1. Can you name every residue in the range 98-125 that is within 17 Å of the chain's Cα centre (by Cα) and not basic (Lys, Arg)?
2. Taking the conditions exactly as written (exposed (fewer than 15 other Cβ atoms within 10 Å of the Cβ) and at pLDDT 80 or above), does Gln160 satisfy them or not?
3. Which ones in the range 1-31 are surrounded by 14 or more Cβ atoms within 10 Å (Cβ to Cβ) and more than 17 Å from Leu105 (Cβ to Cβ)?
4. Can you tell me which residues in the range 46-59 are assigned to a strand (DSSP E or B) and either surrounded by 15 or more Cβ atoms within 10 Å (Cβ to Cβ) or not charged (D, E, K, R) (or both)?
5. Which one of these is touching a residue at least 60 places away in the same chain (Cβ under 8 Å) and closer than 18 Å to Val47 by Cα: Ala84, Ala88, Ala111?
6. Restricting to the range 144-157, count the residues that are within 19 Å of Ala11 (Cβ to Cβ), outside any helix (DSSP H, G or I) and either among the small types (Gly, Ala, Ser) or at pLDDT 55 or above (or both).
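The values are calculated or read from the model by the stated rules, or taken from the named source; none is laboratory data. The shown structure was predicted, so the numbers you read here are calculated from the model rather than taken from an experiment. Using ideal geometry, Cβ is built from the backbone for each residue, glycine included, and neighbour counts are taken over all protein chains shown.
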Amino acid sequence: MQLSDSRTINADVATVWAALLSPEVLKECVPGCQEMTGSPEEGFEAVVVQKVGPVKATFKGGVTLSDMVEPESLKISGEGKGGAAGFAKGGADVRLEADAHQTVLHYDVEAKVGGKLTQLGSRIIDGFAKKMADQFFDNFQNAVGAPEELAEADAETGEQKKGWFKRLSGG
C-alpha cells in the first residue's frame, strides 16, 4: 500500500522538526501506541496494540529515523512483530516546507504486512494502513499546531492558541 498526502501545520519548521524527533510526540501520535522509548540517533522501541479486521495483536518493534536533512526531510521506518498475527512494516518519507508561519508536511507512506494478517485480503489491509497513516498525521498536526480554525488569536485574550507540543516546548 502506498499513500501520498500533505498536512498544513500551524507551527514553524523548527518546531515541526523537533516534534518529529520526540519520542513523546511519536507515542501520542501513533494510534494504539502503548510505549515508546529511545532516541532519534539510536532508534525507538515501540509497543502498539491494533485491531485489523477481526485480528487484534500487540506489535513490538523498532522505529528508525534516517536520511535526515535538518530541518527539511527525513525517513521514518518501522517494523513490528505481532506474534501469531504476523508482522507489519512500513515507512514514510517526510518533507517539510515553510509557508509563512506554518509548515506544510508532505509524506509518502508505504506499508506491508505478512503472516495471518495477509489472509484478511488486500482491501482490508490497505484500508487499515491508510487509516493508520491518516490518524498518525492528523494526531501529529493537532499535537504540534492548533487546528486551523483555532489558530487565529483568541477573541477575548488575544493569545495565539497552540498545540500541546508547542505549549510544552514553549514555542
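1. So the first thing to find is which residues in the range 98-125 are within 17 Å of the chain's Cα centre (by Cα), and the list is 103-112.
Hits for the range 98-125 are Thr103, Val104, Leu105, His106, Tyr107, Asp108, Val109, Glu110, Ala111.
2. Considered against the rule, which asks whether it is exposed (fewer than 15 other Cβ atoms within 10 Å of the Cβ) and at pLDDT 80 or above, Gln160 comes out as no.
3. Met1, Pro23, Lys27, Pro31
4. To start, the set of residues in the range 46-59 that are assigned to a strand (DSSP E or B) comprises 46-52, 55-59.
Once the filter is applied, which keeps residues that are assigned to a strand (DSSP E or B) and either surrounded by 15 or more Cβ atoms within 10 Å (Cβ to Cβ) or not charged (D, E, K, R) (or both), the range 46-59 yields Ala46, Val47, Val48, Val49, Gln50, Val52, Val55, Ala57, Thr58, Phe59.
5. Working: Ala84 fails: touching a residue at least 60 places away in the same chain (Cβ under 8 Å); Ala88 fails: touching a residue at least 60 places away in the same chain (Cβ under 8 Å).
Of Ala84, Ala88, Ala111, the one residue that is touching a residue at least 60 places away in the same chain (Cβ under 8 Å) and closer than 18 Å to Val47 by Cα is Ala111.
6. So in the range 144-157, the residues within 19 Å of Ala11 (Cβ to Cβ) come out as 144-154.
This time we only want the ones that are outside any helix (DSSP H, G or I), so: 145-147, 152-154.
Those still in the list that are either among the small types (Gly, Ala, Ser) or at pLDDT 55 or above (or both) too: 145-147, 153.
Total satisfying the criteria: 4.
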